[in-house]
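Below is one structure, written out as structure tokens; comments come after it.
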Amino acid sequence: MMEQFTKTTGDSAPPRSSDTWVGPPRASAAAGSATGCVEPSTLPDTDAADGAPPAEGAGRDTATHIRLTTSLAALTATATVLLGAVLWHLGMVFLTLAPANSVTNRYQKAINGYIYPEFGQNWQMFAPNPLAQNMSVGARVQTLGRDGVRHVWDWENLSFPHLNAMKHNPVPSHLDQNVLRRSWDFYTQTHDLKDKPTNGMRSALSTEYLTRITLQRFGRQWNGERIIRIQLASRTNDVAPPKWTGEKAPDTTAYRVLPWWPVEEKFYKEL
């Protein structure tokens with residue numbers, strides 16, 4: 001075997017045992033003077049260079065790319081369908097919990113058919129009856145003159161100063177927005193339409209609360225005479241619906257006039 005690897009310089013390689021590992025032959029110092037034998041396996045394959053089929057790895061990469069593209073398209077389509085289903089479900093639930101409006105009035109049957117019985121809700125996202133009214137509260141006083149004669153004065157609009165303070169104000173105060181309205185609601189929720197108390201101590205508290213708020217506006221005297229009684233009333237107008245709803249605007253004004261209440265000294269405490 002060793003006789004195949006000889007140099008042309010005339011020197012023969014020393015004999016080696018068959019179990020000795022032989023490294024690759026080293027080139028001669030004179031570049032063109034050596035003509036050592038080369039194994040056929042080291043020669044270039046001219047057939048492969050001239051029109052041979054592509055390597056197996058290139059085909060595998062193409063198939064992998066196709067599979068990835070198909071999977072991505074399938075995932076995108078699935079995500080789109082799921083997102084649409086979620087948005088549809090949330091929209092139907094929202095319409096179920098929202099107050100009555102033109103959409104629910106028109107499609108109530110379809111909404112109920114989707115929601116009930118599987119997705120029925122037992123809570124409200126908004127107030128059951130959102131405020132859709134313009135309400136103002138007025139008051140008048142009865143005074144006692146120095147001659148002992150009682151006088152009843154004209155109505156004063158208690159809501160006007162609060163509404164005027166909120167007009168064109170991007171951050172109106174809590175007092176202007178809620179105090180008078182909430183005190184009136186407190187009274188109407190604890191008294192019937194005949195002004196009879198329906199909630200014990202809370203009814204009495206609501207009357208005193210509304211009285212004290214009114215006296216903050218009038219003070220102890222009005223036009224130089226001592227205030228001995230007050231009377232309150234409300235005026236309510238329904239807000240006209242948008243034109244696109246097709247609903248008719250109510251043209252009514254409702255009044256509620258409360259009885260006269262005596263003014264006691266304790267109502268002025270800490271005012």
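FYI, it's all coordinate maths here, none of it is from the lab. Model, not experiment: these values are computed from the prediction.
For residue 240, no residue has an amide H sitting under 5 Å from its own, ignoring neighbours fewer than 5 places away on the same chain, with H placed 1.01 Å from N. Cα extents for the stretch 73-197 along the principal axes, largest to smallest and rounded to whole angstrom: 94, 37, 22. Could you state the number of Å between the C-alpha centres of the stretch 86-100 and the stretch 208-235? Centre-to-centre distance over Cα atoms comes out at 47 Å. Normalised by 2.2 N^0.38 Å, with N the number of residues, the alpha-carbon radius of gyration of the stretch 180-247 equals 1.52. Using the Karplus relation 6.51 cos²θ - 1.76 cosθ + 1.60 with θ = phi - 60°, the per-residue 3J(HN,Hα) values for the stretch 190-196 come to 10, 9, 7, 5, 9, 6, 8 Hz, with x marking Gly and Pro.
Past 26 Å, Cα to Cα, is the threshold; run 194/269; 196/266; 109/248 against it and keep the listed order. All intermediate terms of the calculation are to be shown ahead of the outcome.
On the way: 194/269 29 Å; 196/266 23 Å; 109/248 23 Å.
Pairs exceeding 26 Å: 194/269.
Taking amide H as placed 1.01 Å from N in the peptide plane, the amide H of residue 158 sits under 5 Å from that of 137, 138, 139, each at least 5 places away or on another chain.
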